[in-house]
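Taken together, the values in this text are just the output of simple stated rules run on the coordinates, not laboratory data. Remember, it's a predicted structure, so these values are computed and weren't measured experimentally. Positions of Cβ are backbone-derived with ideal geometry, glycine not excepted, and every protein chain shown enters the neighbour counts.
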Amino acid sequence: HIDRDCFQLVVWVHFLLFFFLDSDDTGNRLRFQLELEFVQCLANPNYLNFLAQRGYFKDKAFVNYLKYLLYWKEPEYAKYLKYPQCLHMLELLQYEHFRKELVNAQCAKFIDEQQILHWQHYSRKRMRLQQALAEQQQQNNTSVK
């Protein structure tokens with residue numbers, strides 16, 4: 001169950017602090033942490049559905065804020081992300097059609113299910129790829145001798 005009041009508070013705190021934080025080191029550090037947390041929240045389709053249902057994606061200032069957050073795609077920032085799929089969601093949020101579709105709970109559910117399927121199969125795919133690479137390297141080493 002989503003704590004809607006908590007989500008609404010987090011959204012407004014992040015959004016308002018973006019405009020009011022000082023430019024000193026403490027303010028920059030706090031802004032970095034808040035934006036990191038917010039960007040990673042975008043990986044949660046239920047949170048995106050909540051934002052859409054509350055009309056945040058219709059607010060031009062909020063949409064501009066999402067555009068500003070694209071700097072997280074740069075390697076020097078992306079390395080801090082625990083949930084890299086948030087970058088894909090951030091990219092999709094640049095499109096009005098996607099933002100409009102998120103009002104539909106079925107859309108959020110579909111995205112959530114697709115993420116779960118990806119997570120379930122990712123480790124197995126990666127293990128198979130690593131095993132194939134190791135076998136290929138072993139064959140290359142054997143044929144060189």
Greater than 30 Å apart at Cα, pairs in Lys67/Lys125; Lys58/Lys125; Lys60/Lys125; Lys73/Lys100: Lys67/Lys125; Lys58/Lys125; Lys60/Lys125
So, with +1 on the Cβ of K and R and -1 on the Cβ of D and E, and no other charges, what is the size of the charge dipole of the stretch 30-80 about its Cα centre, to the nearest 20 debye? 200 debye
Sorted from fewest to most neighbouring beta carbons within 10 Å, what does the list Trp72, Trp119 look like? Trp119, Trp72
Förster-model FRET efficiency, 35 Å R0, Asn104 and Asn28, C-beta, rounded to 0.05: 0.40
Tyr71 to Tyr95: FRET efficiency via 1/(1 + (r/R0)^6), r the Cβ-Cβ distance, R0 22 Å, to the nearest 0.05? 0.75
